[in-house]
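To start, the structure under review is shown below, and the notes come after it.
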2 protein chains.
Amino acid sequence: MHIAVHQGPSGSDAIGTVATTVTRAADSGAELVVFPEMFTTGYHIGADILTLAEPTDGTTARAVARLATEHRVAIAYGYPERDGDAVFNAVQLIGPDGARLANYRKTHLYGDLDRTRFTPGERVVVQAEVHGLLVGLLICYDVEFPEAVRAHALAGTDLLLVPTALMSPYETVADTLVPARAYESQLYLAYANHTGQEGTLRYCGRSCVVAPTGQVLARGGHDDDLLLADIDPALLRASRAENTHLADRRPELYTALATHEGAAA
Amino acid sequence: MHIAVHQGPSGSDAIGTVATTVTRAADSGAELVVFPEMFTTGYHIGADILTLAEPTDGTTARAVARLATEHRVAIAYGYPERDGDAVFNAVQLIGPDGARLANYRKTHLYGDLDRTRFTPGERVVVQAEVHGLLVGLLICYDVEFPEAVRAHALAGTDLLLVPTALMSPYETVADTLVPARAYESQLYLAYANHTGQEGTLRYCGRSCVVAPTGQVLARGGHDDDLLLADIDPALLRASRAENTHLADRRPELYTALATHEGAAA
């Protein structure tokens, strides 16, 4: 499966940018396009994010679904989700037929930026099948927790999509942690970031697509970009056969990970 | 605490190399010296490793203890441990007074190289205090499992020592996974590798000391080296205060990690 990762700011016409990008990605052969965290509204926009929040089948979702149908591509995008009184930091995956395939709510909220606005999600593994691959969803800070990616690997995720809003000086997350995740948990990982300044935040780009071998297949710089990469099920099988980390785990030794509530003493 | 990491082959006189290295490290101000996996005998030496195996208080341990006492440095070294009929891939930590502080048996055995010789250990967290820091022990393949390092972080390990025998073409483990571990679990990590050819294996060096910020404080190349680095408790505290991954975990979402026995479906 050919995928595209959009790296750039939300800007004043995010849906227009989605339309332009999806057209360009589809022309390049992409069958799935990933946009950054909270792309449809912007991330660091204060309390506006609460009034802009929409249900999973809201106006924005329908506009994205029309673009998916028109170009026959799957689209994953970050947005603020409203569900009654609660607002979630969410990412939705729309299929190439416009169907809403999966909706994930960020489980690991990041500092005051997230906690003052959002309710945390309660399911770490949300998946859907796209072109025969099991696609999983996480958001930004989630991927810094190896447990979250491991849970996906154990549930069979082949390709993990991670919309993000990573700022400087945390480039080490994009450059080091994200490739480590793909290798240690033997899955493909696509990480889609913002660029430029938004309020007090300066996003660092550095979006990437990483193979389960740890090889970085595509890498953005600090400027806007459209990354293209091929997700190869045969390579995934071969890598898992050689790198047997999932089978070599010792789960009986990991009980503290699922029970320990706090930080180190 | 000043530490030193010895990168090099076991050679024909490993204890002689330990003596020379500890002298040089102590002269440089080191208070703890780390040697690679199975350093006292060599790693890829076939069934000889079984006949060379010794108990925790064997001849080799006593020789290392004398060097520790003489130079007033702690020493961690990999060796084959015999306990009755069982042989373990082990690392022992000797204190600056010659006391045997901790002995760890590799829990994640690597392929046929390990499995044909060794019994797996059953405790993932083994620690001892050295100069006020809680020092933990893992070996080689163990560190590729984020669960093992996380278990140490949750148990309060400040400095994780990882003797290894990493071969080409797995440089990504040393270059990417090891720095990711230090950052994601907020601890110092010292990774000590062999160099050169041993039987059919070509070791890749790339030993390192990484800070909890993810910064690589010292890095070996492919040749023999003695790395020196400073372990700073104040930096550790500051990094943990800023990077709150341990407190931000969602253990109630990680139950699959402690119960799931096999690979992905």
(request) Considering (1) more than 21 Å from A:Val22 (Cβ to Cβ); (2) touching a residue at least 60 places away in the same chain (Cβ under 8 Å), say which one A:Val126 fails and leave the rest. (result) (2)
(request) State all residues of the range A:139-152 that are within 8 Å of another protein chain (Cβ to nearest Cβ), in contact with a Leu (Cβ under 7 Å, 6 or more places away or on another chain) and closer than 12 Å to B:Tyr254 by Cα; if no residue qualifies, say none. (result) A:Glu147, A:Ala148, A:Arg150, A:Ala151
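Among the residues of the range B:127-150, write down those that are of a type outside the set (D, E, K, R), outside any strand (DSSP E or B) and open to solvent by less than 10 Å² (accessible area, probe 1.4 Å).
B:Leu138, B:Ile139, B:Tyr141, B:Val143, B:Phe145, B:Pro146, B:Ala148, B:Val149
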(request) Could you check how many residues of the range B:40-96 are of a type in the set (Phe, Trp, Tyr) and open to solvent by 10 Å² or more (accessible area, probe 1.4 Å)? (result) 2
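Could you run through the range A:114-123 and say how many residues are open to solvent by 40 Å² or more (accessible area, probe 1.4 Å) and touching a strand residue (DSSP E or B) at 6+ places or on another chain (Cβ under 8 Å)? Spell out how you get there, then give the answer.
Initially, the range A:114-123 is screened for residues open to solvent by 40 Å² or more (accessible area, probe 1.4 Å), giving A:115-117, A:119-120, A:122-123.
Checking which are touching a strand residue (DSSP E or B) at 6+ places or on another chain (Cβ under 8 Å) leaves us with A:117, A:119-120, A:122-123.
Residues meeting the conditions: 5.
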(message) Can you find a residue that is of a type in the set (Gly, Ala, Ser), in contact with a Phe, Trp or Tyr (Cβ under 6 Å, 6 or more places away or on another chain) and closer than 21 Å to B:Thr213 by Cα anywhere in the range A:197-210?
(response) yes
(message) Against the definition (touching a Ser or Thr at 6+ places or on another chain (Cβ under 9 Å), farther than 27 Å from B:Gly214 by Cβ and more than 12 Å from chain B (Cβ to nearest Cβ)), how does A:Glu129 come out, yes or no?
(response) no
(message) Filter the range B:27-39 down to the residues that are open to solvent by 30 Å² or more (accessible area, probe 1.4 Å) and in contact (Cβ under 8 Å) with a residue 12 or more places away in the chain and list them by number.
(response) B:Ser28, B:Gly29, B:Glu31
(message) Just to be sure before I move on: is A:Ala180 part of a helix (DSSP H, G or I) and facing chain B (nearest Cβ under 8 Å) in the structure I sent?
(response) yes
(request) Being open to solvent by 50 Å² or more (accessible area, probe 1.4 Å) and either closer than 18 Å to A:Glu54 by Cα or away from every other protein chain (no Cβ under 12 Å) (or both) is the filter here, so list the residues in the range A:99-112 that pass it. (result) A:Arg100, A:Leu101, A:Arg105
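Within the range B:151-167, take every residue that is of a type in the set (A, V, I, L, M) and touching a Phe, Trp or Tyr at 6+ places or on another chain (Cβ under 9 Å) and give me the one that is surrounded by the fewest Cβ atoms within 10 Å (Cβ to Cβ). Talk me through it step by step, then tell me what you get.
Initial filter on the range B:151-167 (of a type in the set (A, V, I, L, M)): B:151, B:153-155, B:159-162, B:165-167.
Retained after the next criterion (residues that are touching a Phe, Trp or Tyr at 6+ places or on another chain (Cβ under 9 Å)): B:151, B:159-162, B:165-167.
Numbers: B:Ala151: 24, B:Leu159: 25, B:Leu160: 27, B:Leu161: 28, B:Val162: 30, B:Ala165: 27, B:Leu166: 27, B:Met167: 20.
Checking each candidate, the answer is B:Met167.
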(message) Of everything in the range B:209-250, what is open to solvent by 50 Å² or more (accessible area, probe 1.4 Å), over 19 Å from B:His152 (Cβ atoms), free of Cβ contacts under 8 Å to residues at least 24 places away in the same chain and among the charged types (D, E, K, R)? Give them in sequence order.
(response) B:Arg219, B:Glu242
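The values are calculated or read from the model by the stated rules, or taken from the named source; none is laboratory data. Not measured: the values here are computed from a predicted model. For neighbour counting, all protein chains shown are included, and Cβ atoms are generated from backbone atoms with ideal geometry for every residue, glycine included. For the accessible areas, the whole protein counts, side chains as well, though only heavy atoms, and no ligand, DNA or RNA atoms are used. Shrake-Rupley method; radii C 1.70, N 1.55, O 1.52, S 1.80 Å.
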